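Accompanying notes for the structure given below.
The values are calculated or read from the model by the stated rules, or taken from the named source; none is laboratory data. Here the structure is a predicted model, which is why all the values come from computation and not from measurement. Neighbour counts are summed over all protein chains in view; Cβ atoms, including those assigned to glycine, are modelled from backbone coordinates with ideal geometry.
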Amino acid sequence: MSAYQNDIKAVAALKEAAGAGWSGISEEAVARMRAQNKFKTHLDIAKYTAKIMREDMAAYDADSSKYTQSLGCWHGFIGQQKMISIKKHFGNTQRRYLYLSGWMIAALRSQFGPLPDQSMHEKTAVAGLIEELYTFLRQADARELDLLFRQLDAAKEAGDAAKVAEVQAQIDNHETHVVPIIADIDAGFGNEEATYLMAKQMIEAGACCIQIENQVADEKQCGHQDGKVTVPHADFHAKLRAVRYAFLELGVDDGVIVARTDSQGAGLTKQIATVKEPGDQGDIYNSFLDVEEITVDQMQQGDVVINQNGKLVRPKRLPSGLFQFRRGTGEERCVFDCIEAIKAGADLLWIETEKPHVGQIKEMMDEVRKVIPNAKLVYNNSPSFNWTLNFRQQVFDAWAAEGKDVSAYDRANLMSVDYDETELSAEADRRIQSFQADASREAGIFHHLITLPTYHTAALSTDNLAKRYFGEEGMLGYVQQVQRQEIRQGIACVKHQNMSGSDIGDAHKEYFSGENALKASGKDNTMNQFH
C-alpha cells in the first residue's frame, strides 16, 4: 500500500478516535496535504540530498559518463523554473543540481546594493537564499501534486477506473523537485569559528554540499580576477574541519565538502606558513615563495627571513606587505592543494582555471590521482571565459601543430562573425558541445556548473524585450516574443496565478470551508484562456 493510502487509513482512524468534532475533516484531503509537504524540516532536505550526491559520486566512479550538472541561481523562482523545465523535458531530475553562487548574492541580493565578489555581502544572505530556493522547490512539488489531485478527482467523477489507477500511480511515485544545492561559502567569512557558524546556518537551511576556497577571507577576490591571496594549508584545513563538524553536529553525516584551490591564478600569500618539521605542509608551501638568498649582514630593519634548506632567504615582499610566489608555480601548487585537501577531509575538489582546456585540467588531475586515485572535481564552466574565442584558438593551435594550413585565419581576431560559418568554427563548437563529457571522461570532473547563467539570460532577454516593447512593435514585442512562445512551448509560467499557488489555495479553502469556499479559479478567471 502506498504512503498516500496509508495516510488515508491513518487519518480515518484518528477521526474515529476523535469523534464527531472531526467529522468535517477529510482523510483524503489530509493525505494530499501530507504528500505536498514531504519534507518537514530543511534538515530533512539536507540529509535527503546528501544521500543523492553520495550515490551520484559512486555512480560516477563506476562510469565517468554519469557526471552531474547544475546552473547558478540568485532567486528561488529561478531555481524552481529550472527544475520544472528539467522534469518537463527529461522526465526526471537525476544528476541535475542547483548551484548557489556567492557572486550572484553579492551582485544581486545584498542590502548594500550591487557589490563585487569580495565577501562584502551579509553572511545571512547565503542561508537565506538556500531556504528560499527550497521553499520554491517544495512549492513546485505542491503545485504538481495539486494538478494530479485534480486529474484524480475528474477521473473519479467520470467513473474512469483506468485513469484513476494511472493518476494514482503518478501520485504514489511522484518525484520531488528538491535536488542537491552546492552552496558557496566563499573563504568562510572570517576565522574557522565564523566558518563553522555560517556553515551551520547554511545546513539548517537545507545545504548538503558546501564549497569553500583557500583564499584569505578579508582579501577574497572572484576566482577570475587578479589580486587573489591564498592561505597556508593549516589555516584552510581548519575551516574544512569546521564545516565537517557543522555537518556532523546537525546529523548530516553524508554532507559533502568541496575544497576549491585558487592557486593557479593566485600569486600572493598574506603569511608565511609555520614549519614544524622539514618537508611538512608548511615547508612545502613556503618552498614556492619567491625568495632571495642573503647573509645576516644583509638583513634590514623589518625584514622577514626564513631558513630554507640550510640557507637564509628573504621572501620578496610587496609594498602591500604581501609575499609573492615564484611565477609558473600555479599548477604545481594546485596539485599540492588538492592532495592535501582530500587528506584533510574534503570530498570533492575545485580547481579555478583561467580558461576551459581539457588538457590543462587533465594534466593537474593526473598528478592528483597518482596519490588520490578516485579524486573528483567540481568545475566552473564560467561565463568569465570567452568560450568562443578560447575554443577557436585551441582548434587553430591544434591544426597548426598538425601542419594543417591555417593561413585563412587571423588567430587574434577569431571572435569575428566572419568566421562563424567556417570549418574552424564548426570544430570549435563541436568541442564546446562535448567539453563536459570529454573533461569528465579524461580529467575526473564529476560535476559541471555554470555560475551565473541566469544573470546573463535575464540581461539578454530583458534587453531584447525593452528594445521591442519600447520601440515600434509595442505590445507585439511582448506577445510575439514572450507570451506566444510560453503558450506554444508549454511554459508553466504562462499561468502565473497557478504558479503563485492560487489553485493550491483554492483546494485548501475547499477543504476548510466546503461548498462555502470563495475560490479564485471560477469561470471568470482569465487564466482559463490558457487551457
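The figures follow:
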read-out	value
The listed residue being under 20 Å from the mean Cα position of the chain (by Cα), assigned to a helix (DSSP H, G or I) and in contact (Cβ under 8 Å) with a residue 12 or more places away in the chain, out of A183, A125, A155, A142	A125
Unmet criterion (only one of (1) in the same structural domain as A443 (by TED's automatic domain parsing); (2) among the basic types (K, R); (3) modelled with pLDDT under 95) for R95	(3)
Residue match in the range 31-44 (condition: aliphatic (A, V, I, L, M) and out of contact with any Leu (no Cβ under 9 Å at 6 or more places or on another chain))	yes
Selected residue [assigned by TED's automatic domain parsing to the domain that holds R138, crowded, with 21+ Cβ neighbours inside 10 Å and at pLDDT 95 or above] from M53, M104	M53
Candidate set from the range 1-28 (those that are touching a Leu at 6+ places or on another chain (Cβ under 9 Å) and assigned to a helix (DSSP H, G or I)); member that is farthest from F149 (Cα to Cα)	W22
Number of positions in the range 168-185 that are crowded, with 21+ Cβ neighbours inside 10 Å and either farther than 26 Å from D56 by Cα or among the small types (G, A, S) (or both)	1
Odd one out for M365 among (1) closer than 17 Å to K270 by Cα; (2) at pLDDT 95 or above	(1)
Residue under evaluation A31, criteria (1) in a helix (DSSP H, G or I); (2) crowded, with 17+ Cβ neighbours inside 10 Å; (3) in contact (Cβ under 8 Å) with a residue 60 or more places away in the chain, criterion not met	(3)
Test: residue in the range 337-360 that is free of Cβ contacts under 8 Å to residues at least 40 places away in the same chain, of a type in the set (A, V, I, L, M), under 28 Å from S434 (Cα atoms) and part of a loop (DSSP other than H, G, I, E, B)	no
Odd one out for F77 among (1) crowded, with 19+ Cβ neighbours inside 10 Å; (2) at pLDDT below 95; (3) under 30 Å from E510 (Cβ atoms); (4) aromatic (F, W, Y)	(1)
The range 386-400, residues that are part of a helix (DSSP H, G or I) and under 21 Å from W350 (Cα atoms)	W387, N390
Every pair of residues 6+ apart whose Cβ atoms lie under 6 Å, when the first sits in the range 371-391 and is surrounded by fewer than 17 Cβ atoms within 10 Å (Cβ to Cβ) while the second is charged (D, E, K, R)	N374/D61
Lone unmet requirement of (1) over 25 Å from the mean Cα position of the chain (by Cα); (2) closer than 30 Å to L240 by Cα for V406	(2)
Tally of residues being surrounded by fewer than 20 Cβ atoms within 10 Å (Cβ to Cβ) and over 10 Å from the mean Cα position of the chain (by Cα) across the range 64-74	3
Unique match (being of a type in the set (K, R) and more than 30 Å from N386 (Cβ to Cβ)) among K200, K228	K200
P383 modelled with pLDDT under 95 and either touching a Cys at 6+ places or on another chain (Cβ under 9 Å) or in a loop (DSSP other than H, G, I, E, B) (or both)	yes
Selected residue (criterion: nearest to K82 (Cα to Cα)) from residues of the range 487-520 that are buried (at least 16 other Cβ atoms within 10 Å of the Cβ) and of a type in the set (S, T, N, Q)	N498
Qualifying residue in the range 160-181 (condition: among the hydrophobic types (A, V, I, L, M, F, W, C), in contact with a strand residue (DSSP E or B) (Cβ under 6 Å, 6 or more places away or on another chain), at pLDDT 95 or above and more than 30 Å from G282 (Cβ to Cβ))	yes
Strands (runs of 3 or more DSSP E) contained in the range 214-319 and holding at least 2 residues touching a helix residue (DSSP H, G or I) at 6+ places or on another chain (Cβ under 6 Å)	256-261
Residue satisfying condition, being touching a residue at least 12 places away in the same chain (Cβ under 8 Å), of a type in the set (A, V, I, L, M, F, W, C), over 14 Å from M83 (Cα atoms) and not assigned by TED's automatic domain parsing to the domain that holds C493, within set L133, L115, L148	L148
A142 being out of contact with any helix residue (DSSP H, G or I) (no Cβ under 9 Å at 6 or more places or on another chain), farther than 16 Å from A46 by Cα, at pLDDT 95 or above and assigned by TED's automatic domain parsing to the domain that holds R54	no
Some residue of the range 14-28 being in contact (Cβ under 8 Å) with a residue 40 or more places away in the chain and either buried (at least 21 other Cβ atoms within 10 Å of the Cβ) or not assigned by TED's automatic domain parsing to the domain that holds V258 (or both)	yes
Members of the range 496-526 that are within 28 Å of W22 (Cβ to Cβ), over 38 Å from the mean Cα position of the chain (by Cα) and in a loop (DSSP other than H, G, I, E, B)	A517, L518, K519
